[in-house]
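Input: a single structure, listed below in structure tokens.
The values are calculated or read from the model by the stated rules, or taken from the named source; none is laboratory data. What you are looking at is a predicted structure, and each value in this text was computed from that prediction instead of being measured. Don't worry about glycine lacking a Cβ; one is built from the backbone with ideal geometry, like all the others, and counts go over all protein chains shown.
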Amino acid sequence: MVEWVVQHEGPVLDAVLARRIARAHGFQRTGSRIQERVEQIARRLFRTTVEAAGTFYWPHGVDLSSEFAFRQPSDEDSVRGVEEICEAELRSLTRLVLHRGHSGQDALLAMARALGIQRLREASKVRLEALLIKAFAPSQQEKWLTERDPPDSLT
């Protein structure tokens, strides 16, 4: 079951993987023993990347050095929190939003919309802003930083 989840939903965050497995087996909570066992199995089967949010398990056949496309939610049930999405996928979203001509706070709002997020929490906003800042050329980063007043719909 661990393999199925990673192959179909990966890259997937360790906590999300353990939660999916626990729910599939009828458990309401994901205890430390379940978490440890799921991680033990997943580490043996899959490549990982470690980020601030945790460990992401990657499906077989995915080149970790190439761009990984952002997976837009198909409905409300498939919306993922910003902390549940790996940085490679968020970088793809950042490039897509900038390629469509968004900049500054408009880019941040476009990212939130693409993620299916109605209210952007401060921690999520900071993470997305950091990706946007990295995407700008160094000469334009200062301009981004001076345009940081968020619209009301994002706070």
Study note, to complete from the structure: Per the filter on segment 83-97, residues under 10 Å from M111 (Cα atoms) and of a type in the set (V, I, T) are T94, V97
Check your understanding: Do we find that I41 is at pLDDT 95 or above, over 12 Å from the mean Cα position of the chain (by Cα) and outside the structural domain of A123 (by TED's automatic domain parsing) in this structure?
Key -> yes
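In segment 1-29, what residues are within 12 Å of E39 (Cα to Cα) and either of a type outside the set (G, A, S) or at pLDDT below 95 (or both)?
V2, E3, V6, V12, L13, D14, V16, L17, R19, I21 - these are the residues of segment 1-29 that are within 12 Å of E39 (Cα to Cα) and either of a type outside the set (G, A, S) or at pLDDT below 95 (or both).
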Practice item. Could you please find all residues in segment 9-49 being farther than 18 Å from A88 by Cβ and hydroxyl-bearing (S, T, Y)? Key: T30, S32
**Study point:** Checking Q35 against (1) among the polar types (S, T, N, Q); (2) in contact (Cβ under 8 Å) with a residue 40 or more places away in the chain; (3) farther than 30 Å from R113 by Cβ, the condition it does not meet
**Key:** (2)
Practice item. Pull up segment 43-89, narrow it to residues that are closer than 20 Å to E3 by Cα and aromatic (F, W, Y), then point me to the one that is surrounded by the fewest Cβ atoms within 10 Å (Cβ to Cβ). Key: F68
Check your understanding: Does any residue in segment 62-86 that is closer than 22 Å to A123 by Cβ and not assigned by TED's automatic domain parsing to the domain that holds E9 come within less than 6 Å, Cβ to Cβ, of a residue that is surrounded by 14 or more Cβ atoms within 10 Å (Cβ to Cβ) and of a type in the set (F, W, Y) six or more places away or on a different chain, and which pairs are these?
Key -> C86/F56
**Study point:** The one condition in (1) assigned to a helix (DSSP H, G or I); (2) of a type in the set (D, E, K, R); (3) within 26 Å of H8 (Cα to Cα) that R71 fails to fulfil
**Key:** (1)
Study note, to complete from the structure: Checked segment 38-58 for anything touching a residue at least 40 places away in the same chain (Cβ under 8 Å) and on the phi < 0 side of the Ramachandran plot; matches are A42, L45, F46, A53, T55, F56, Y57, W58
Point to revise | Per-region count, segment 87-116, residues over 15 Å from E129 (Cα atoms) and assigned to a loop (DSSP other than H, G, I, E, B) | key: 3
Review point. In this structure, is L145 over 25 Å from V16 (Cβ atoms), surrounded by 14 or more Cβ atoms within 10 Å (Cβ to Cβ) and either modelled with pLDDT under 90 or more than 12 Å from the chain's Cα centre (by Cα) (or both)?
Key: no
Practice item. Go through segment 1-34 residue by residue and tally those that are surrounded by 11 or more Cβ atoms within 10 Å (Cβ to Cβ) and in a helix (DSSP H, G or I). Key: 19
Revision key, fill the gap. Subset of segment 27-65, residues polar (S, T, N, Q) and more than 15 Å from G10 (Cβ to Cβ), comes to Q28, T30, S32, Q35, Q40, S65
